[in-house]
Structures are given as structure tokens and as C-alpha cells.
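Input: a single structure, listed below in C-alpha cells.
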2 protein chains.
Amino acid sequence: MPENLEATQAATAGTRPGGRSARVRADMVTATLAELTEKGYDQLTVEAICHRAGVHKATAYRRWGGVDGLIAGALALSADQPWPIPDTGNVDDDVELLAREVYITFTDRDLRTTPTALIGAALRSDLGAAALGAFFAARHQQAAEVVTRAIGRGQLPFGVDPVELVRATTAPLYHRLFITGEPLDERAAHRAAAAALLAARAGLFDAAVR
Amino acid sequence: MPENLEATQAATAGTRPGGRSARVRADMVTATLAELTEKGYDQLTVEAICHRAGVHKATAYRRWGGVDGLIAGALALSADQPWPIPDTGNVDDDVELLAREVYITFTDRDLRTTPTALIGAALRSDLGAAALGAFFAARHQQAAEVVTRAIGRGQLPFGVDPVELVRATTAPLYHRLFITGEPLDERAAHRAAAAALLAARAGLFDAAVR
DNA sequence: CGTCTAACGCGACGCTGGTCGCCTTAGTAT
DNA sequence: ATACTAAGGCGACCAGCGTCGCGTTAGACG
């Protein structure tokens, strides 16, 4: 394994970005997601991904170091892409929508497969876990916008830590989905949003103190 | 693979529980945890575990079906063992202690390694994930006692769903630990406990309605 | 105390995931 | 336009995981 860290970086920004490398990278990411969605992590094999992408095995191992690196790469790409952030003018609705968005994404029969498989797969290696951390950091940062706007409008007290509110809203949902494996329903999403807002207004998420 | 489900059950309750089988099982569980703690999941190999336990490779594959089964078995054993539940007479303190217990378990330099490795490993396979679900179900059930007692004492309103309160208390912590990989501190534990209690008293965790 | 059989020990084998060295191709720089 | 080089293609090779069939052992039961 020629330095995993380097491999991941290379996957994100090759020293020779033009033309072929970029195409190979794109093809491999696509193929990875496709294979992952169809067969799941346990049946995921580098050879199958390569075959689908029309790329040689050795290349995949060189650039990504294995299955885990490929998943980390796919996740890194997803982290860059922007996510629709609700903006109704009312925090309560915005946060509720945030929670509902997560609920829908991982529940709807047509939408859930790929995201579920991708995150589930990321949990299965140290490399993937690291990429997942970065992914959520990016997402939280984006979603925090909802909170900062609300503070600006006076709908939430000043001290509130935006990211903490976002975390509190989504944590119970991801917890159910990926840790306890309990079913996720609308009520759970609503509860999470309401509880998070309540705590924020009680000053529990204030950045400064405990 | 000869029916994974069956393999897990067999690991839990062999048809011939007396003597040797039981010893083999115990030795293997111990060895699994030891190897897992020392080397981590990625370096975990059935052969090494068997060598340490003085058990033949084929036996391990027959009974547990592979590394994942061994981890599921270890987890199933942990799920059975009781956990110390706080009982101070005051819910606020009890819930706070519940959160703190999680915090300590996964933060203290001397305690954290094995539990962290075990849960982390469980997340890396479907079999392990299933065992993890059962594990948390058992834990939640035990911890719910704190809440039912509090309701009996009139410290919490009647409708509160005990398990939901426990979940809300611990979810943010496990979320940080195993999903986003963010550091866990005392403040986070306190926040989780306080927020959960607040939500419960606001009726957000009432069993009946949304 | 003798018999029965479930479970374990044993070693050899096949398969597949991952590596290596060399050659070819396609961006890049001048 | 031409030379340079990073990156990909290629196939052979190696090792370690997981399997299989058989012999052995030790609980269980009368």
C-alpha cells in the first residue's frame, strides 16, 4: 500500500488533472457507486468495479489502494457537491425540513439505496470513516446557514452554536439508521427537530459555557 | 457459508452446552476481544484468534462462519451481561450519570480501547450490525428503568416513552464517536442529557402522539 | 461401565484478492 | 512540432483466506 493518505489526495486532485486521469477517476466513482448500490459492500470487489469502468485492476490499487479508498473517494466527491438548504423565513420550519430531508433521503424506496449503501460502506474502514467525518463536517457547515440566518432574524438567541443545533437535529436520525438499526419514521424526525430547537432556545447549545 | 444466522445462534446456545464446547466458545470470545483490542479490525484474522485460543481454524469457521460471526458472538455475550444503572433518586442526576458513563467508557485511556474496537468492528459487517442492534436494544431496555422509576416518583410526566429518553440521551454521543468521528467531551455529554430531559418534560417523547 | 454421536482436530487444497516489473499511451512543456 | 514524463495497461505471480473429508475425542445417556 503506497501511503493511503497520498492515494486519497491523489484521487481528489491528481498532479495531472487534464484528460485521461480525470475520466478514469469519474468512471471509477460512477462504477463504484453502481456496484455498491447493486451488490452491497460485502459483495463489492475491485475487479468488478474495474471491469465496469473499463480500467485495469493495477491502476485502481495504485490510485485508491483498494475498495476502501474508492469509497472514500466517492464520498469526498459527494462532500463537495452542495445540498439544498431550506429557507422559509421561519427557523422552526427550516429545521423541521432539514430533519425531514434526512428522513426522506434514507427512507424513500427510490432514493435511499445509494446513500444508505455509501454511508454504510464508509463505516466499514478507517479510511472511509475519515472521509465520512469530512463529509459530515462539510454538510453541517452548509446547514448551519439555516441557524445563522435565524439568529440574524432574532428567532434564536445570539450565543447558539449553529453547528451544534444541526448536529442535534440529525444525530438521532443517523443513530437509528446506522448504529442501532431501528426503523426511522416521520415522528422520529419531528421529535429530533423539535427537541433540538427547544434545547437551543434553553441556551444548552450556547457556544461559550456548559 | 452454512447459514450465518444459524451460526450465530449456535454460538449463543450450542445443542451440547456442557464442557468442551462451552470452553471453546469462551476461549474464542476472549481471544477475539484480545486480538481486536491489540491489532484492530483491519489486522484481525481468524487464524490469529484461533492460535491464541488454541482452537483449530476449521472449528471457528464452522461455528462462527468467519471474523464477523466471532464479533457478533462477542457482542451477543456483552448484551447479556448487566450494566450498572444509576439510581440516585433524582432523574436529572441519573440521566446525567447515564450520559457520563458513556462518555467515560469511550474516553478514558484505559477503558475505551476494547469497547471502541468492538463497536467499531460490529459496524463493519451486516452480521455485526445486527448483533449491535440487539445489543443496544438490551442496553436501552435496561437503562429505561431509570425513567420508569422517575415517572413513578412523579419527576417526569406519565406519557414519556422511557426508551426514547434513553436514546435521546445517548444518541448524540454515539453519533460523534462512530459516525462523524468528532471528539467527545464532558460538555457534549451534559448537553445531551439536559436536552433529552428538556424534551421529555415538554412532552416531545410522549408515547402516544407526535 | 459401555455405547453413541456431536463437536473438534487435522492437514491439504483451491481460489481470489492484491502486487510487481515492464511496456505503452496520452498530456504537457518548450 | 517534438521531446519528455506521469499515468495507465498488461499479465504473471504470490500469499493467505476459507473449504473439505476424514479421523479422533469427549460429553451424554442408559
Fill in the blank from the handout: In whole Hz, the Karplus estimates of ³J(HN,Hα) for the range A:98-108 (6.51, -1.76, 1.60; θ = phi - 60°; x where Gly or Pro) are 4, 5, 5, 4, 4, 3, 4, 3, 9, 10, 4
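Shielding by partners for B:192-202, please: the mean number of other protein chain Cβ atoms within 10 Å of each residue's Cβ. Intermediate values should be presented prior to the final figure.
Numbers: counts 4, 1, 5, 9, 3, 1, 6, 8, 1, 1, 5.
Mean partner shielding for this stretch: 4.
Partner chain Cβ atoms within 10 Å, averaged over the residues of B:128-141 - can you pull that number for me? Each step should come with its number before you reach the end.
Values: counts 1, 7, 1, 1, 4, 4, 2, 1, 5, 3, 0, 1, 2, 0.
Counting other chains' Cβ atoms within 10 Å and averaging over B:128-141 gives 2.
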Handout entry: Average partner coverage of A:168-175, which counts Cβ from other chains inside 10 Å
Key = 6
Problem - Angle between chain B longest axis and helix B:20-39 axis [Cα atoms, degrees, rounded to 10] - result: 70 degrees
Practice task
Fewest Cβ neighbours within 10 Å first, please rank A:I71, B:I104 accordingly.
Solution key: B:I104, A:I71
Problem - Amide H contacts of B:D206 (H built 1.01 Å from N, under 5 Å, at least 5 apart or other chain) - result: B:D161
Problem - Under the Karplus curve 6.51 cos²θ - 1.76 cosθ + 1.60, θ = phi - 60°, whole-Hz ³J(HN,Hα) for the range A:177-184, x wherever Gly or Pro sits - result: 5, 10, 10, 8, x, 6, x, 10
Problem - Rough spin-label spacing in nm, given labels placed 7 Å along Cα→Cβ, for B:D27 and B:H51 - result: 1.6 nm
Practice task
Place a +1 charge on the Cβ of each Lys and Arg in the protein assembly as shown and a -1 charge on the Cβ of each Asp and Glu, then give the dipole magnitude about the Cα centre in debye, rounded to the nearest 20.
Solution key: 880 debye
Handout entry: Cα-based convex hull, the protein assembly as shown, per residue volume (Å³, whole number)
Key = 169 Å³
Fill in the blank from the handout: Once Lys and Arg are counted +1 and Asp and Glu -1 for all other residues with Cβ under 13 Å from that of A:D93, the total becomes -2
Handout entry: Residue-by-residue Karplus 3J(HN,Hα) for the range B:141-151, coefficients 6.51, -1.76, 1.60, Hz, glycine and proline x
Key = 4, 5, 5, 4, 3, 3, 6, 4, 4, 4, 4
Exercise for the section: Can you tell me the order of B:155-161, A:109-115, B:181-187 when each peptide is scored by its average per-residue count of other Cβ atoms within 10 angstrom, highest first? Expected result: B:155-161, B:181-187, A:109-115
Problem - Mean-position separation - Cα centroids, the range A:27-67 and the range B:30-75, in angstrom - result: 28 Å
Handout entry: Teacher prompt: A:A202 distances to equivalent labels in other copies, 7 Å Cα→Cβ, nm
Key = 0.8
Problem - Approximate spin-label separation A:K39-B:E182, in nm, with each point projected 7 Å along Cα-to-Cβ - result: 3.6 nm
Problem - Order by protection proxy (mean Cβ within 10 Å, highest first), peptides A:95-101, A:24-30 - result: A:95-101, A:24-30
Problem - Pseudo-label separations to other copies for A:R62 - Cα-to-Cβ vector, 7 Å, nm - result: 4.7
Practice task
Would you compute, from DSSP H runs of 4+ residues alone, the mean residue ellipticity of chain A at 222 nm, taking -39500 (n - 2.57) per run and dividing by the full residue count, rounded to the nearest 500?
Solution key: -21500 deg cm²/dmol
Practice task
Going by C-beta contacts inside 10 Å, put A:H190, B:H175, A:H56 in order with the fewest on the left.
Solution key: A:H56, A:H190, B:H175
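All of the numbers you see were taken from the coordinates with simple rules; none came from a lab. Everything quoted here is computed from the prediction, not taken from an experiment. Neighbour counts run over all protein chains shown; Cβ positions are idealised from the backbone, glycine included.
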